[in-house]
Amino acid sequence: MEQEDSGFFTKQTIGIIGLGLIGGSYAKGLRQLGVQHIVAVDVDEHTLAQAKADGVIDEGYTKGTKALQQADLLIFCMAADAMMAFIQENVIYFKKDVLLTDVAGIKGNTATQIRDMLPDGMDFVPGHPMAGREGRGYGMSQAEIFHHANYIIVPMKTNTAAHIQRVREMATALGCSHVVTVTPQEHDQFIAYTSSLPHVLATALVNSDSMNPLTKFFVAGSFRDGTRVADINAPLWTQLFLANKENLLYEIRRFSDSLRAFSIMLEQEDTKEITQYLQQAAMRRKELVHETNLR
């Protein structure tokens, strides 16, 4: 395989399992990078046909086949339980030295279970691109979804340095600004706060009894921004919430405490405390945006 200036190998075969929003975005991004051969597996024949017509995949299959033997790298863009079932059923087709990675939003002990399914020579490096957009499915996918995004790698002790580096190089080549490595426990704790909690809050906002037919006439940027992720893949996010239940419950309680503290300030008309509270939030937000945009 030939290594490009970005450090990422493009003269390889990449398999994408699950061609929805993220899987489709991988396919489009990798094709833009010049990856010469992309194989996809998805249960939806129409999605596969569209991706092939778009020129972002070369082969499409509705189930695992011997075609997977071509893949030097397999990217799993599906829920963790579905990924484990697919690997268990199709590992016999995998190339003997294939590198596997994923995008699962909750890690738990998934990596250990997958490692135990793989014969010597195969390696699974857990990953999680912090990328997304409103909507779902292949039709909403785009290569630019990775531009300036963060990418999390959750390596295991058994991973080789070379394989971790390959996933890092792919993330950077796709346009991710930061690649961070953490433990599975750290990953799931952070995700409960930065991803799961905002989805809970967005759905709570639109499910509030305050929502009525006239609401749409009073919506501006703050409400649109705050409820964007309420357009949610309900079955998927139900699984994610339950898989990370304890961490999410902790963050919900913590947020409730913060909201309660603000309520007390408001009831007491404590101008000084309210102002300090808001100023602290503004400062933290500015620091967050500044640090996030640094390369």
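General observations
- Using θ = phi - 60° and Karplus 6.51 cos²θ - 1.76 cosθ + 1.60, couplings along the stretch 247-254 (whole Hz; Gly, Pro as x): 5, 5, 4, 4, 5, 5, 5, 5
- Per residue, the convex hull spanned by the Cα atoms of the stretch 124-200 measures out at 102 cubic angstrom.
- Check: the stretch 112-209 dipole with +1 on Lys, Arg Cβ and -1 on Asp, Glu Cβ, in debye: 160 debye
- Whole-number D in µm²/s for the stretch 189-267 (Stokes-Einstein; Kirkwood sum over Cα pairs; 20 °C, 1.002 mPa s): 154 µm²/s
- Estimated at 0.36 nm per residue, the fully extended path between Tyr277 and Lys96 surpasses their Cα-Cα distance by 59.5 nm.
- The stretch 90-117 and the stretch 244-295: distance between their alpha carbon centers, rounded to Å: 38 Å
- Mean residue ellipticity, 222 nm, helices only, the chain: the sum of -39500 (n - 2.57) across DSSP H runs of n ≥ 4, divided by residue count and rounded to 500, is -14500 deg cm²/dmol.
- Residues of the chain: accessible area per residue with a 1.4 Å probe, Å²: 55 Å²
- Cα-based equivalent ellipsoid of the chain: semi-axis lengths in Å, sorted from largest, via gyration tensor: 38, 21, 19
- For the peptides 66-76, 131-141, 154-164, the ranking by packing is 66-76, 131-141, 154-164, with the highest mean count of neighbouring Cβ atoms within 10 Å listed first.
- Take 92-104, 205-217, 53-65 and order them by the average number of nearby Cβ atoms within 10 Å per residue, most first; the result is 92-104, 53-65, 205-217.
- Less than 5 angstrom separates the built amide H of Phe9 from those of Glu4, all sequence-distant by 5 or more or on a different chain.
- Note that the stretch 158-295 shows a convex hull volume over its alpha carbon atoms of 175 Å³ per residue.
- Electrostatic dipole magnitude of the stretch 12-91 [Cβ: Lys, Arg +1; Asp, Glu -1; Cα centre; debye, to 20]: 160 debye
- Heavy-atom surface analysis with a 1.4 Å probe gives the chain a carbon and sulfur content of 54 percent of its accessible area.
- Of the residues Phe8, Phe218, ranked by 1.4 Å probe accessible area with the largest first, the sequence reads Phe218, Phe8.
- Volume in Å³ per residue [convex hull over Cα atoms, computed for the stretch 42-165]: 121 Å³
- A Cβ-based charge dipole, computed about the Cα centre of the stretch 174-295 with Lys and Arg at +1 and Asp and Glu at -1, lands at about 320 debye.
- Bridge orientation summary for the stretch 126-242: considering DSSP beta bridges with both residues in this region, about 50 percent are antiparallel.
- Ranked packing of 34-42, 244-252, most packed first, by mean Cβ within 10 Å: 34-42, 244-252
- Antiparallel content of DSSP bridges confined to the chain, in %, to 5: 20 percent
- For Phe217 and Ala49, a Förster radius of 35 Å and the Cβ-Cβ distance give a FRET efficiency of 0.25, rounded to the nearest 0.05.
The values are calculated or read from the model by the stated rules, or taken from the named source; none is laboratory data. Just so it is clear, the structure is predicted and the values come from calculations on it, not from any experiment. Using ideal geometry, Cβ is built from the backbone for each residue, glycine included, and neighbour counts are taken over all protein chains shown. To get the accessible areas, we keep the full protein, side chains included, count just its heavy atoms, and leave off ligands, DNA and RNA. Shrake-Rupley method; radii C 1.70, N 1.55, O 1.52, S 1.80 Å.
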